[in-house]
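The values are calculated or read from the model by the stated rules, or taken from the named source; none is laboratory data. Keep in mind that this is a model prediction, so the values were computed, not measured. Glycine also receives a Cβ, built like all others from the backbone with ideal geometry; neighbour counts cover every protein chain displayed. Keep in mind that these areas ignore ligands, DNA and RNA; they rest on the heavy atoms of the full protein, side chains included. Shrake-Rupley method; radii C 1.70, N 1.55, O 1.52, S 1.80 Å.
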Amino acid sequence: MVGAAVLALAAPGTAAHAVSPASAADSTVAPACVAFSASWRYTFVTNDCSTTHTVRVVYGDGTQVPCREVAPGATATFPGYGTTGNTVEGLALCTEAGAA
């Protein structure tokens with residue numbers, strides 16, 4: 001039941017996967033089947049792909065958070081954008097070398 005509630009929260013605000021140019025230089029944008037919903041407190045990342053992906057959230061101010069593995073059909077919770085004007089720019093795939 002809790003999982004369904006999280007997915008319901010994530011689905012309505014699903015955003016595009018834009019990643020800032022500075023971040024794009026060193027990362028690969030996550031596929032469209034991995035979506036996010038961001039608020040000031042939490043960013044929910046849902047994997048609707050058929051394979052597991054390891055992703056990180058890209059923040060406008062360059063904040064770095066650890067990569068998380070998200071299995072098919074699962075949702076991972078990351079920090080939100082906060083109350084100081086930061087933004088969630090998109091999702092990036094993590095590589096073994098780039099995983100935090």
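Miscellaneous remarks
- Qualifying residue in the stretch 81-92 (condition: touching a strand residue (DSSP E or B) at 6+ places or on another chain (Cβ under 9 Å), open to solvent by 70 Å² or more (accessible area, probe 1.4 Å) and closer than 12 Å to A30 by Cα): no
- Within this structure, V57 passes the test of being free of Cβ contacts under 8 Å to residues at least 60 places away in the same chain, in a strand (DSSP E or B) and surrounded by 12 or more Cβ atoms within 10 Å (Cβ to Cβ).
- Residue check, T28 under 14 Å from the mean Cα position of the chain (by Cα), at pLDDT below 95 and open to solvent by 70 Å² or more (accessible area, probe 1.4 Å): yes
- Listed by first and then second residue, the pairs linking a residue in the stretch 37-53 that is under 19 Å from T95 (Cα atoms) to a residue that is assigned to a strand (DSSP E or B) and open to solvent by 70 Å² or more (accessible area, probe 1.4 Å), with Cβ atoms under 9 Å apart and 6 or more places separating them unless they lie on different chains, are V45/R68; T52/E69; H53/E69.
- Matching residues, the stretch 40-54, being surrounded by 13 or more Cβ atoms within 10 Å (Cβ to Cβ) and either assigned to a strand (DSSP E or B) or not hydrophobic (A, V, I, L, M, F, W, C) (or both): Y42, T43, F44, V45, T46, N47, D48, H53, T54
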